[in-house]
Amino acid sequence: MKDETMMGVQVQQAALATRRQVISGGSAALGMLALGTSRALAAVEEGILRAEEAIHQEPVFKASRKRVYEALTDANQFGKVVELSAAMKAGGMKTGAAPVTISREAGGAFSAFGGYVTGRQIELVPNERIVQVWRAGSWDPGSYSIAKFVLAEEGAETKIKFDHTGFPKGQAEHLAEGWRGNYWEPLAKYLA
């Protein structure tokens, strides 16, 4: 009988230990949740934003990397691309508007679409990569984004792995459509 009582006590102690574990585990979980929330709040207070918009597109062109790179970095060639763009077709730009200017040196300025799109060349690796600080004329003063073009050879074609980040919130859909209608589609026609 004593053995049963001992076993009963042991069983009760085991049950109490399990309750303790549940209570302490629940407290630890709540503490971790609170810690995670405080970390998230600290991140916001430190200026870290995790909900920014970005554009990633991968258009493919029936041309060599060299030819695609030249069309994007030569003012005369890109001027012809602009003439084929949706902006020109829609009458958003008049023929004879400010010409396209494109520096072929890192740090140099560029301007296109009648001066509506402006920026600077940050990195130029011939036939491989173009990185630009890019802005649209409708953005608030001092607002700039980063446009990155990585040219990847795919047989006789070239894929541009394109990323656009840092633009004003709410602009992603408009800009994504603009890249298609004002860059990729007319560039494909120009290169054809």
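The values are calculated or read from the model by the stated rules, or taken from the named source; none is laboratory data. Because the structure is predicted, anything quoted here is derived from the model rather than measured. Note: ideal-geometry Cβ built from the backbone for every residue, glycine included; neighbour counts use all protein chains shown. What goes into the accessible areas is simple: the full protein's heavy atoms, side chains included, and nothing from ligands, DNA or RNA. Shrake-Rupley method; radii C 1.70, N 1.55, O 1.52, S 1.80 Å.
With the checklist (1) touching a helix residue (DSSP H, G or I) at 6+ places or on another chain (Cβ under 9 Å); (2) more than 17 Å from residue 81 (Cβ to Cβ); (3) touching a residue at least 24 places away in the same chain (Cβ under 8 Å); (4) not hydrophobic (A, V, I, L, M, F, W, C) in hand, flag the one item residue 140 doesn't pass.
(1)
Which of (1) in contact with a helix residue (DSSP H, G or I) (Cβ under 9 Å, 6 or more places away or on another chain); (2) small (Gly, Ala, Ser); (3) part of a strand (DSSP E or B) does residue 87 not meet, given it meets every other one?
Residue 87 satisfies every listed condition except (3).
Taking the condition of being outside any strand (DSSP E or B), out of contact with any Lys or Arg (no Cβ under 8 Å at 6 or more places or on another chain) and over 21 Å from residue 91 (Cβ atoms), how many residues in segment 143-192 meet it?
10
Across segment 144-165, what is the total count of residues that are of a type in the set (S, T, N, Q) and exposed (fewer than 15 other Cβ atoms within 10 Å of the Cβ)?
Within segment 144-165, residues that are of a type in the set (S, T, N, Q) and exposed (fewer than 15 other Cβ atoms within 10 Å of the Cβ) number 1.
Kindly list the number of the only condition in (1) within 20 Å of residue 68 (Cβ to Cβ); (2) of a type outside the set (A, V, I, L, M); (3) outside any loop (DSSP other than H, G, I, E, B) that fails for residue 104.
(3)
For residue 119, all conditions in the list (1) farther than 23 Å from residue 60 by Cα; (2) in a strand (DSSP E or B); (3) open to solvent by 20 Å² or more (accessible area, probe 1.4 Å) hold save one; what is the number of the exception?
Here residue 119 meets the rest and fails (3).
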